[in-house]
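Input: a single structure, listed below in structure tokens.
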Amino acid sequence: MPELSLDHRAWDTQHFGYPVASISNSELDSAALARLLQAAQKQHYQLVYWASCDELDQSELCLREYRGTLIDRKTTYAKTILPNPVPPNDGKYQIIEWQAGKHSDELIELGVAAGLCSRFALDPRIAPEKFRALYEIWMRRSIARELSDIVLVVQEHGANIPLGMVTISMKGELGQIGLISVSEQQRGRGLGQRLIEASDRWMLDHGAKTAQVVTQLQNVAACRLYENGGYQIEKIEYLYHFWLPARAQALRT
């Protein structure tokens, strides 16, 4: 039997304004999952995350008793980094490194747009302003180089307005894409693919042998972008949100 573990999520608790925890074990049977959710309820947690290696049957009792919802099929893509040529200058677009710490309203909006298919946007119990604030913080901290090593931006030559962006971080020989987005008005022009190619070159130049990016399986456009860029699915996790009823109410029902 796997060791049962319930982890307090301090940042999430502060951000959302109610107690949040996560279950670290990805392989649990229904009885073990129920015990952890009962423990979370006794500790007055309101929201519990669980990333499962398997999808639960919709008839599972704990989904009903603990208000569980499959909110995301978290999909990890990976590939080996190979050299790719620098595209010829088409006279219209260029990709640059965004200056660390330089504020941009357009970049913040691109960061929020990158999360529109995330579990925090799709869960109707999470307030929209909390979702937005989460991705604003993520983007600002990426610009400040706290959550990324670089932010690459695509813009028109002679302009200083980001039309798309990608954030990248390095962990040893692994390069990771954090956020990637192209403005709605500029989609369909190949800018996303150019950002992927530029990411490859930057990662390769900084010692990466493999690249990784996480998205949502339901985000068809993102999945297609990564697959066209040579990424393949490495794993899929089933992310559940459990919204626990107050213990006193649960004991009465």
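Using a probe of 1.4 angstrom and keeping all protein chains present, the accessible surface of the chain works out to 51 square angstrom per residue.
Taking the DSSP beta bridges with both ends in segment 7-155, the antiparallel portion is around 60 percent. With all protein chains in place and ligands, DNA and RNA left out, the 1.4 Å accessible area ranks Trp243, Trp202, Trp11 as Trp11, Trp202, Trp243, largest first. 3J(HN,Hα) couplings calculated from phi for segment 27-34 with the Karplus curve 6.51 cos²θ - 1.76 cosθ + 1.60 (θ = phi - 60°) are, in sequence order, 10, 9, 7, 4, 5, 5, 4, 4 Hz; Gly and Pro show x. Restricting attention to the chain, close to 85% of DSSP beta bridges with both partner residues there are antiparallel. With contacts taken as Cα pairs under 8 Å and at least 6 residues apart, segment 118-182 reaches a relative contact order of 19 percent. Computed over segment 17-135, the alpha-carbon pair-distance distribution with 5 angstrom bins reads 2, 8, 13, 15, 14, 13, 10, 8, 6, 6, 3, 2, 0, each value a whole percent.
For segment 57-155, the relative contact order works out to 36 percent when only alpha carbon pairs closer than 8 Å and six or more residues apart are counted.
Backbone geometry of segment 38-51 corresponds, through the Karplus equation with coefficients 6.51, -1.76 and 1.60 at θ = phi - 60°, to 3J(HN,Hα) couplings of 4, 5, 5, 5, 5, 8, 6, 6, 9, 10, 10, 8, 9, 9 Hz, x marking Gly and Pro.
Between the alpha-carbon centers of segment 99-155 and segment 1-57, tell me the distance in whole angstrom. Result: 26 Å between the Cα centres. Nothing charged except the Cβ atoms of Lys and Arg (+1) and of Asp and Glu (-1): what's the magnitude of the dipole of segment 111-253 about its Cα centre? Round to the nearest 20 debye. The calculated dipole for segment 111-253 is roughly 540 debye. Calculated mean residue ellipticity at 222 nm for the chain: -9500 deg cm²/dmol, from DSSP H runs with n ≥ 4 weighted as -39500 (n - 2.57), summed, divided by the residue count and rounded to 500. Working ranking of peptides 66-76, 183-193 by packing, defined as the average number of other Cβ atoms within 10 Å per residue, highest first, is 66-76, 183-193. Antiparallel beta bridges, as assigned by DSSP with both residues in segment 108-251, represent about 75 percent of the total such bridges. The convex hull built on the alpha-carbon positions of the chain has an orientation-averaged projected area of 15.0 nm². Candidate cross-link partners of Lys171 among the lysines, defined by an alpha-carbon separation under 26 Å and a same-chain spacing of 8 or more, comprise Lys74, Lys79, Lys102, Lys209, Lys235. Working from Cα pairs under 8 Å separated by at least six residues, relative contact order for the chain is 29 percent. Couplings 3J(HN,Hα) of segment 106-116, computed from phi: 5, 5, 4, 5, 5, x, 5, 4, 5, x, 5 Hz, in residue order, whole Hz [Karplus 6.51 cos²θ - 1.76 cosθ + 1.60, θ = phi - 60°; x for Gly and Pro]. Over the chain, what percent of the accessible surface lies on carbon and sulfur atoms, probe 1.4 Å? The C+S portion of the solvent-accessible surface of the chain is 49 percent.
From most to least packed by mean Cβ count within 10 Å, the peptides 135-148, 22-35 give 135-148, 22-35.
The values are calculated or read from the model by the stated rules, or taken from the named source; none is laboratory data. On a predicted model such as this, the values are computed, not experimentally measured, just so you know. Counting neighbours? That spans all protein chains shown, and the Cβs are built from the backbone with ideal geometry, glycine included. Remember, those area values only see protein heavy atoms, side chains included, never the ligands or the DNA or RNA. Shrake-Rupley method; radii C 1.70, N 1.55, O 1.52, S 1.80 Å.
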